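One structure is given below, encoded as C-alpha cells.
The values are calculated or read from the model by the stated rules, or taken from the named source; none is laboratory data. A quick note: this is a predicted structure, and the numbers were derived from the prediction, not measured. Because the Cβ atoms are built from the backbone with ideal geometry, glycine has one as well, and the counts that use them run over all protein chains shown.
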Amino acid sequence: MDEINIIEKQLEQAWEKLGISNDFMFGKVMQDEELCKGLLQRILPDLDIDHIEYPELQKSIKTDVDAKSIRLDVYVKDKKGTVYNIEMQTTDTKDLPKRTRYYQGVLDLQLIDKGQTYNMLKPSYIIFICSFDVFKKGRHIYTFENICKEDKNISLGDETTKIFLNTDSIMNDVSEELRVFLDYVAGKKSDDSYIKKLDEAVKKARLTKEWRHEFMTLSMKERLDREKGREEGMEKGREEGREKERKNIIIKMIKQGFTDFQILSVCDTSIEEIEDCKKNI
C-alpha cells in the first residue's frame, strides 16, 4: 500500500470519529441557523440575537495578492449588522492574541466600502473556543474590550470584542448552559436539549458524502503541503550544510597558499566568495 492510500485510510478513520472540536465539523454543523444562534446566545446571553445571516459560509478572505489569507470557521451577522466570527481551536499555536488582531483588521476591511465613513463599521465579536487555557489563569472565559488604562470607566468605543473560551477549567465563571457546551467540546455527554441536538447534527454530518469528500480533500492537501514543507526544509538544511563545507575547504586552501585560480578549478565557487572567505581568516 503506497503512502497516499495509507493517508486516505487514516483520514477515513478520522472522519468516522470526527467531533465538534474539529474545526471542519464545527463549521459544517454551525451552518444550522438555530444551532449557531443557540451557541451565540449561550456565549453572549446579554445580546438580543433573534436572527442571523450567513454572508459567506467558511468565508475565505484575502485583502490583496500579497496578504495572508484567512479561512473562517463560522462567520455570521445579526439583523443589526453585528458580525460574529467563531473559531474552534485545539492546537496551542502560541499566537492567538496576535491572530485575533489580524482577523479584526481583515474583517474590518470587509465591512466598509471605499468612500464610507468609519462610523459605518458595525460591532464585531471574534470568539475562539479553545481546548486549552490561552492565558493560564484557570478561567472558562476571557473577554477583551479596549478601555483607557488611566481610567477604566472610559471605553474606546470601537465596538470590537475578543472572547477566548477554555474547555479546560473548573472555575465557576460561566453559565450552566455555556459550561455544558464547553464540556461537550471536551468530549463529555450531556442531557441538555441543545447539546443533544448538536450531537445529532454531528452524527448526521458524518453521513453527508459531500462533506466527507471535502474533508478528505482538504486534509489530504494539508498533509501533502506539510510534507512538501518538511522536504523543502530538509533540502535547505542540506544546501546550507554543503555551503558551509565548501567555505571550509576554500578557507583551508587559502591558508595552504592555493591561488584563486586553483581554488576556482577545484570548488564550485566564485571570486566574490573566495574574497569573502579571506576576510574571515
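Considering segment 152-176 alone, what residues qualify as being out of contact with any His (no Cβ under 7 Å at 6 or more places or on another chain) and part of a strand (DSSP E or B)? I'd like the intermediate steps shown before the answer.
First, the residues of segment 152-176 that are out of contact with any His (no Cβ under 7 Å at 6 or more places or on another chain): 152-164, 167-168, 170, 172, 175-176.
Matches in segment 152-176: S155, T160, T161, K162, I163, F164.
In this structure, is T100 buried (at least 18 other Cβ atoms within 10 Å of the Cβ) and assigned to a helix (DSSP H, G or I)? Steps first, answer last, please.
Numbers: buried (at least 18 other Cβ atoms within 10 Å of the Cβ): yes; assigned to a helix (DSSP H, G or I): yes.
Spelling it out, T100 is indeed buried (at least 18 other Cβ atoms within 10 Å of the Cβ) and assigned to a helix (DSSP H, G or I).
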Exercise for review: Determine, yes or no, whether I281 is outside any helix (DSSP H, G or I), over 31 Å from the mean Cα position of the chain (by Cα) and touching a residue at least 24 places away in the same chain (Cβ under 8 Å).
Suggested key: yes
Check your understanding: If we keep just the residues of segment 89-122 that are of a type in the set (A, V, I, L, M, F, W, C) and under 26 Å from I20 (Cβ atoms), which is modelled with the highest pLDDT?
Key -> L96
Practice item. For S219, state whether it is touching a Phe, Trp or Tyr at 6+ places or on another chain (Cβ under 9 Å), free of Cβ contacts under 8 Å to residues at least 12 places away in the same chain and either surrounded by 13 or more Cβ atoms within 10 Å (Cβ to Cβ) or polar (S, T, N, Q) (or both). Key: no
Practice item. Hey, could you check segment 194-216 for residues that are surrounded by 15 or more Cβ atoms within 10 Å (Cβ to Cβ) and β-branched (V, I, T) and say which is farthest from E34 (Cα to Cα)? Key: V202
Review point. Is it the case that segment 30-45 has a residue that's under 18 Å from the mean Cα position of the chain (by Cα) and either modelled with pLDDT of 95 or more or assigned by TED's automatic domain parsing to the domain that holds H140 (or both)?
Key: yes
Practice item. Consider G81 carefully, then state whether it is over 25 Å from D199 (Cα atoms), assigned to a loop (DSSP other than H, G, I, E, B), of a type outside the set (K, R) and at pLDDT 90 or above. Key: yes
Practice item. Look through segment 120-175, keep the residues that are under 17 Å from M88 (Cα atoms) and acidic (D, E), and return whichever of them is surrounded by the most Cβ atoms within 10 Å (Cβ to Cβ). Key: D133
Exercise for review: Run down I254, I271, I263 and say which single residue is of a type in the set (A, V, I, L, M, F, W, C) and under 47 Å from the mean Cα position of the chain (by Cα).
Suggested key: I271
Exercise for review: Mind counting the residues in segment 176-193 that are more than 26 Å from the chain's Cα centre (by Cα) and either exposed (fewer than 15 other Cβ atoms within 10 Å of the Cβ) or among the basic types (K, R) (or both)?
Suggested key: 4
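Residue-by-condition table, conditions (1) free of Cβ contacts under 8 Å to residues at least 12 places away in the same chain; (2) touching a Ser or Thr at 6+ places or on another chain (Cβ under 9 Å); (3) of a type outside the set (D, E):
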{"site": "R71", "(1), (2), (3)": "no, yes, yes"}
{"site": "K80", "(1), (2), (3)": "no, no, yes"}
{"site": "L96", "(1), (2), (3)": "no, no, yes"}
{"site": "G115", "(1), (2), (3)": "yes, no, yes"}
{"site": "S131", "(1), (2), (3)": "no, yes, yes"}
{"site": "T143", "(1), (2), (3)": "no, yes, yes"}
{"site": "N146", "(1), (2), (3)": "no, yes, yes"}
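For the subset of segment 264-281 comprising residues that are farther than 20 Å from E239 by Cβ and of a type outside the set (S, T, N, Q), which member is surrounded by the most Cβ atoms within 10 Å (Cβ to Cβ)? Quick ask: steps written out before the conclusion?
To start, the set of residues in segment 264-281 that are farther than 20 Å from E239 by Cβ comprises 264-265, 271, 275, 278-279, 281.
Now narrow it down to the ones that are of a type outside the set (S, T, N, Q): 264, 271, 275, 278-279, 281.
Numbers: L264: 16, I271: 11, E275: 10, K278: 12, K279: 6, I281: 8.
The residue in question is L264.
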Review point. Can you find even one residue in segment 123-134 that is at pLDDT below 95 and of a type in the set (G, A, S)?
Key: no
